[in-house]
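Student: Handing you this structure, nothing more for now.
The values are calculated or read from the model by the stated rules, or taken from the named source; none is laboratory data. Quick caveat: nothing in here was measured; it's all calculated off a predicted structure. Using ideal geometry, Cβ is built from the backbone for each residue, glycine included, and neighbour counts are taken over all protein chains shown.
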């Protein structure tokens, strides 16, 4: 069975991970799920949210939750934030919660029903801003944006 079917059987939408997952392991004893991709990649969901998947994405899988996530980040307010956990607390609500460290982001579960395509780099069909996002890793974008913010604040304080 695919990892997408496994997620569904645990009360989570199958599209939380991209189509490009090559293999996975699940330790039934402790619930550790480890998904492997051939290369890091980026996926855009229908609402425009951009997610980064490392070559290994792992977390503790239980019914309705994937906690202690590693290898997964989401762009939020022009910064990349690690996704710490994913939770469907009330399946009837149609809402999924993403723990992005400082807050829980509430999104429609329907956005994650189908696995997204994942791209390793910029595409010529993208706009310049979107292409720039895809060209750099989340860490590079974060530090680049922080240096720009710091430079702007120095100019503004003069």
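Student: Tell me which residues, restricted to segment 14-28, are more than 15 Å from residue 69 (Cβ to Cβ) and either modelled with pLDDT of 95 or more or within 14 Å of the chain's Cα centre (by Cα) (or both).
Tutor: 14, 15, 19, 20, 22, 23, 25, 27 - these are the residues of segment 14-28 that are more than 15 Å from residue 69 (Cβ to Cβ) and either modelled with pLDDT of 95 or more or within 14 Å of the chain's Cα centre (by Cα) (or both).
Student: Return the total of residues in segment 53-80 being within 13 Å of the chain's Cα centre (by Cα), farther than 14 Å from residue 7 by Cα and touching a residue at least 40 places away in the same chain (Cβ under 8 Å).
Tutor: Qualifying residue count, segment 53-80: 5.
Student: Just one of the numbered conditions (1) closer than 19 Å to residue 46 by Cα; (2) at pLDDT 90 or above; (3) surrounded by 15 or more Cβ atoms within 10 Å (Cβ to Cβ) is not true of residue 134; which one?
Tutor: Unmet condition: (2).
Table: residues versus (1) over 20 Å from residue 110 (Cβ atoms); (2) not in a loop (DSSP other than H, G, I, E, B).
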residue	(1), (2)
5	no, yes
8	no, yes
18	no, no
22	yes, yes
29	yes, no
52	yes, yes
97	no, yes
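Student: Another question, if that's okay. Scan segment 1-20 for residues that are closer than 15 Å to residue 31 by Cβ and touching a residue at least 60 places away in the same chain (Cβ under 8 Å) and jot them down.
Tutor: Selection gives 11, 12.
Student: Just one of (1) more than 19 Å from residue 113 (Cβ to Cβ); (2) surrounded by 15 or more Cβ atoms within 10 Å (Cβ to Cβ) trips up residue 77, so point out which.
Tutor: Status for residue 77: all satisfied but (2).
Student: Of everything in segment 81-95 that's touching a helix residue (DSSP H, G or I) at 6+ places or on another chain (Cβ under 9 Å), without any contact (Cβ under 8 Å) to a residue 24 or more places away in the chain and assigned to a strand (DSSP E or B), which residue is surrounded by the most Cβ atoms within 10 Å (Cβ to Cβ)?
Tutor: 81
Student: Which of the numbered conditions does residue 60 fail, given that it passes all the others? Conditions: (1) in a strand (DSSP E or B); (2) modelled with pLDDT under 95.
Tutor: (2)
Student: Which of the residues belonging to segment 40-57 are modelled with pLDDT under 95 and exposed (fewer than 15 other Cβ atoms within 10 Å of the Cβ)?
Tutor: 46, 47, 48
Student: Can you say whether residue 68 is touching a strand residue (DSSP E or B) at 6+ places or on another chain (Cβ under 8 Å) and either outside any strand (DSSP E or B) or at positive phi (or both), as far as the supplied structure shows?
Tutor: It is true that residue 68 is touching a strand residue (DSSP E or B) at 6+ places or on another chain (Cβ under 8 Å) and either outside any strand (DSSP E or B) or at positive phi (or both).
Student: Any chance segment 39-52 includes a residue that's touching a strand residue (DSSP E or B) at 6+ places or on another chain (Cβ under 7 Å) and without any contact (Cβ under 8 Å) to a residue 24 or more places away in the chain?
Tutor: no
Student: Within segment 31-50, can you find the residues that are touching a helix residue (DSSP H, G or I) at 6+ places or on another chain (Cβ under 6 Å) and in a loop (DSSP other than H, G, I, E, B)?
Tutor: Passing the criteria: 45, 46, 47.
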